[in-house]
1. Positive end of the charge dipole of the chain (Lys, Arg +1 and Asp, Glu -1 on Cβ, about the Cα centre): tell me which of V23, V36, L87 has its Cα farthest that way.
2. Sequence-distant or interchain residues sharing an amide H contact under 5 Å with A121, placed H: which?
3. How big is the dipole moment of the chain about its Cα centre under a simple scheme where the beta carbon of each Lys and Arg is +1, that of each Asp and Glu is -1, and everything else is neutral? Debye, nearest 20, please.
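Computed from the coordinates by the stated procedures, all read-outs in this text should not be read as laboratory data. All figures in this text were calculated on a predicted structure; none of them were measured in a lab. Cβ: placed from backbone, ideal geometry, glycine included. Neighbour counts: every protein chain shown.
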Amino acid sequence: MKVRVLFVCLGNICRSPTAEVIVRERLVRAGLDQAVELDSAGTGSWHIGKAPDARAQRAGAERGYSMEELRARQVEPGDFYRFDYVLAMDEANLAELEMMRPEDARADVRRFLDFHPQAEARDVPDPYYGGEQGFAHVLDLVEGAADGLIAHMRERHGL
Ligand code: 4NP
């Protein structure tokens, strides 16, 4: 049985696609990419079908990550049954997810940065209306949490 992880932000064009490609790259490096399925989605509908934001793509490419093939989609109720983890980028995303989560769904819904080893980082700030440095900060935070998430899944699911 694969472990399934969904990353969620507002638009699904900046933070959650970044998380998806970074965690995928780390899983490949760890030889665990066949054991874990990843996806990303947004709580909002504005960018459905769009590729990731050009600034997010550029910032990612500087560190060797490619996300150009991803397309945005919106979170749907079935996601809470299909995924083992539904991981929000910030507190507002988490609040939205908790409102829409079906009562009997068993997904572990929480913030992605719960897996970041430094306790002061809790939210991945929305970079959409800011400058380039916001996108680099997203990459730093996501890289910081990626290995923590993988370590958690190794332990919890015996990967
Ligand atoms: P994301 O960034 O949630 O990290 O994908 C945003 C993308 C689009 C908007 C806001 C945040 N927007 O307002 O359109």
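1. Working it through, the farthest residue towards the positive pole turns out to be V36.
2. none
3. 360
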